Amino acid sequence: MIHIIGGGLAGSEAAWQAASMGVRVTLHEMRPARATAVHKTDRLAELVCSNSFRGDKLDNAVGLLKEEMRRLGSLVMDAADRCRVPAGAALAVDREAFSAAVTGAITSHPLITVARDEVTRIPGDPAMFPLVIATGPLTSASLSDDVARFVGADHLYFYDAISPIVLAESIDRDTVFRASRWGRSLRGPDAAGPACGDDGGGDYLNCPLTREEYERFYDALVAAESATVHDFDTATFFEGCLPVEVMAHRGRDTLRFGPMKPVGLVDPRTGRTPYAVVQLRQDNLAGDHYSLVGFQTQLKWGEQARVLKMIPGLQAAEFVRFGMVHRNTYINGPRVLHETWQTRARPDLFFAGQISGVEGYVESAASGLIAGRNAALVSLGAPPVALPRTTAIGALAYYVSHAAPDGYQPTNITFGIMAPLERAPKRKVERKQAIAERALAALDDWMAVGA
Ligand SMILES: Cc1cc2nc3c(=O)[nH]c(=O)nc-3n(C[C@H](O)[C@H](O)[C@H](O)COP(=O)(O)OP(=O)(O)OC[C@H]3O[C@@H](n4cnc5c(N)ncnc54)[C@H](O)[C@@H]3O)c2cc1C
């Protein structure tokens with residue numbers, strides 16, 4: 001018998017997996033007795049925002065993640081496939097039908113009991129373990145406090161302001177220049193990341209703006225449309241992470257003295273300091289992702305793409321992740337978790353879903369899939385398992401448990417966090433295909449040995 005707290009994407013998938021292994025499950029879900037700021041129904045696996053599960057092809061890391069989940073008997077993927085609506089290369093679903101399908105499958109499973117109660121603390125009763133905590137980004141306040149006590153207050157975050165991330169190869173290298181402010185570079189000759197054609201040394205790629213470009217960008221930014229804010233108001237913003245558009249509304253030059261300040265940056269091609277600068281910072285070890293420094297934003301995603309592409313150097317930018325500001329409760333995975341989603345402090349306690357330090361619907365469900373299986377294994381007296389790191393699911397688990405803990409940020413699955421190929425094809429499309437083929441072969445081998 002295992003207990004799971006939270007009947008969202010991760011908790012529902014965890015319950016399904018454990019029950020499919022013949023283990024009894026009690027799934028605790030606080031809705032409808034206690035609401036969250038964003039859920040609207042009492043259904044399990046409710047999608048709180050978009051109805052998209054993103055790309056569904058193998059040339060896309062989240063497409064690969066989905067395929068692995070399908071092979072592992074995922075309830076979330078089965079329901080999503082059955083409820084899909086036309087969305088080109090993406091998998092989007094009818095949200096009502098999707099959560100109804102998951103709720104129906106869970107509530108009619110003979111080994112699963114759904115208890116509609118809020119769990120306010122990590123239980124003291126040993127009979128409640130193995131336990132999976134999958135209460136999501138909007139974990140109720142009292143349980144959040146207790147989780148903070150368990151993991152250490154420094155290792156639980158409540159609030160997230162995220163800057164957009166772009167694909168390195170989509171940055172126009174003829175326009176940007178590499179430099180650190182005042183030439184203070186941490187970048188030695190062996191530093192990771194692609195060198196820039198006009199590399200003057202330095203840790204940042206800098207997008208220079210003339211006065212005219214800045215004025216045009218500013219006007220577009222203040223006129224752009226913001227996403228609906230669900231669970232906080234503007235008064236709750238910390239000064240240190242104000243959305244860029246909120247800063248812009250304070251005055252025409254505020255950004256030039258904030259995230260777009262040019263001081264200490266000289267464009268080596270002109271020998272001059274630009275009128276304004278947007279700095280791009282390498283965001284992953286592979287050096288294929290760059291984040292826009294200080295550009296946390298809650299503009300609608302379409303608006304972000306439109307307005308940010310006005311920045312010189314980003315005219316053809318491909319966005320790996322859009323900026324967001326929202327309440328987000330998540331632990332510092334690398335300090336708290338093993339690759340099996342067990343906590344380091346207590347092997348019969350697991351975290352899964354967004355609270356474990358992953359980002360996104362599919363990633364949340366994927367972590368629930370493994371946490372549920374492992375909680376079931378622990379209840380059966382068997383050792384828990386980790387998937388090969390060459391799979392997308394394994395790479396996600398490895399990132400959550402091994403990324404640099406300082407300043408830890410939840411991640412989506414990307415090819416950038418997967419182990420590089422030993423002999424990588426030159427063409428991007430072939431590289432992705434080869435990583436996907438390697439992942440699925442590793443997964444099939446892993447499943448064939450009865451893991
Ligand atoms: C505002 C917002 C918008 C987002 N939009 C997207 C998006 O468009 N696309 C995307 O891929 N990701 C999005 N995410 C990120 C993330 O993918 C989702 O939050 C996803 O639902 C996370 O899945 P989960 O299972 O971890 O949490 P959830 O799906 O939120 O499930 C957690 C469940 O736990 C329950 N619960 C909480 N506390 C308790 C308690 N103490 N006792 C019992 N039950 C409890 C909740 O009621 C909820 O049902 C968004 C997140 C937020 C906050």
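Summary table below
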quantity	calculated
Acute angle (nearest 10 degrees) that the helix 392-402 long axis makes with the longest principal axis of the chain, alpha-carbon atoms	80
Where labels lie 7 Å past Cα in the beta-carbon direction, separation of Lys57 and Arg346 in nm	4.6
For Thr390, net neighbour charge (Lys/Arg +1, Asp/Glu -1) across residues whose Cβ lies under 15 Å away	-1
Longest exposed-site-free window of the chain, the sites being GluC sites (Glu not before Pro) in a DSSP loop that have at most 13 other C-beta atoms within 10 Å	1-224
Cβ-based exposure ranking for Cys49, Cys207, in which fewest neighbours within 10 Å come first	Cys49, Cys207
Asp172/Asp78 FRET efficiency (R0 41 Å; Cβ-Cβ; nearest 0.05)	0.45
Over the chain: Rg over Rh, Cα atoms, Kirkwood Rh	0.98
Long-range Cα-Cα pairs in region 276-318 (distance over 12 Å), rounded percent	65
FRET E, pair Thr113, Arg269, Förster distance 56 Å, beta-carbon r, rounded to 0.05	0.25
Difference of contour (0.36 nm per residue) and Cα-Cα distance, Lys309 to Ser20	99.3 nm
When each of Lys66/Lys432; Lys300/Lys428; Lys261/Lys300; Lys309/Lys432 is checked by Cα-Cα distance, pairs over 21 Å	Lys300/Lys428; Lys261/Lys300; Lys309/Lys432
Helix axis angle, 211-223 relative to the chain longest principal axis, alpha carbon, degrees	30
Inter-label distance for Glu215 and Val429, nm, one decimal - labels placed 7 Å from Cα along Cα-to-Cβ	4.3
Assigned charges on the beta-carbon of Lys, Arg, Asp, Glu; the chain dipole about Cα centre (debye)	340
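Read-outs: derived from the displayed coordinates by stated rules, not from any lab. Predicted model only: the values in this text are computed from it and were never measured. In this analysis, Cβ positions are derived from the backbone assuming ideal geometry, glycine residues included, and neighbour counts consider all displayed protein chains.
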